[in-house]
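Report on the following structure.
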Amino acid sequence: MDMANPFETPTTYRLHRAEYLVGLAVTIGLFVAHIGEVRWIPAVILFVYIDLIGYIPGAVAYRRSPGHRVAKGYYIAYNTMHSLITQTVVAGIWMLVYKPEWALLVLPIHLFADRGVFGNFLKPFALGFEPEPNPAYTRLAAELHRRRGANETAGAGVTAART
């Protein structure tokens, strides 16, 4: 993936998820290290509100729609609520209004788990609200895989010819 090709191959997707798994491990480690200082009611509310606003309404609409089509507003709600930017702002406001506290770690824990464990990233409008194979991407991935194999074979020949 780069600026000219904003898509991921299966390998870069796994690597991207692995980065979030590291973040998840760090935030869970901090959470567990300070478990005695966590206020549980705010922690639970902060953890679940992301999906109560950002995922569940869209998931229900998706399942109820005969063609699995949902309004863009559901995507916007999902992407807004599952944004590290949004949750950083929420944490900042929380710290100004209440205080810094360990319960706030549930915000990155939620997002890092969604990305690292479940593989859920922000949702593009052009894809289904729930994961489903896209025929255009399947064809592209197959073509890239075919070309990679051809390039590796050609590259091996060039290396052999140079030695």
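The values are calculated or read from the model by the stated rules, or taken from the named source; none is laboratory data. This one's a predicted model, so the numbers in the text were calculated from it and none came from an experiment. Cβ: placed from backbone, ideal geometry, glycine included. Neighbour counts: every protein chain shown. Surface areas here come from the heavy atoms of the whole protein model, side chains and all, with no ligands, DNA or RNA. Shrake-Rupley method; radii C 1.70, N 1.55, O 1.52, S 1.80 Å.
Could you please give the count of residues in the stretch 10-32 that are closer than 30 Å to ARG148 by Cβ and open to solvent by 80 Å² or more (accessible area, probe 1.4 Å)?
4
For the stretch 33-44, what are the residues that are open to solvent by 90 Å² or more (accessible area, probe 1.4 Å) and either within 22 Å of GLY23 (Cβ to Cβ) or in contact with a strand residue (DSSP E or B) (Cβ under 9 Å, 6 or more places away or on another chain) (or both)?
GLU37
For the condition open to solvent by 40 Å² or more (accessible area, probe 1.4 Å) and of a type in the set (Gly, Ala, Ser), what is the one hit in ALA77, ALA136, ALA113?
ALA136
Being at pLDDT 95 or above, closer than 17 Å to VAL26 by Cβ and open to solvent by 40 Å² or more (accessible area, probe 1.4 Å): is that true of TRP102 here?
yes
Quick one: what pairs do we get from the stretch 3-25, first residue under 24 Å from PRO133 (Cβ atoms), second at pLDDT 90 or above and basic (Lys, Arg), C-beta under 8 Å, 6+ apart or different chains?
Close Cβ pairs (under 8 Å, with a partner that is at pLDDT 90 or above and basic (Lys, Arg)) amount to HIS16/ARG115; ARG17/ARG115; TYR20/ARG115.
Residue check, ALA91 against (1) surrounded by 11 or more Cβ atoms within 10 Å (Cβ to Cβ); (2) out of contact with any helix residue (DSSP H, G or I) (no Cβ under 8 Å at 6 or more places or on another chain); (3) farther than 28 Å from PRO133 by Cα, all met but one. Which one?
(2)
In the stretch 55-154, which helices (runs of 4 or more DSSP H) lie fully inside it and hold 3 or more residues that are β-branched (Val, Ile, Thr) and over 23 Å from ARG17 (Cα atoms)?
Correct list: 84-97.
Pairs only if they're at least six apart or on different chains, beta carbon under 8 angstrom, first in the stretch 45-74 and crowded, with 16+ Cβ neighbours inside 10 Å, second among the polar types (S, T, N, Q); list them, first residue then second.
ILE50/GLN87; GLY54/ASN79; GLY54/THR80
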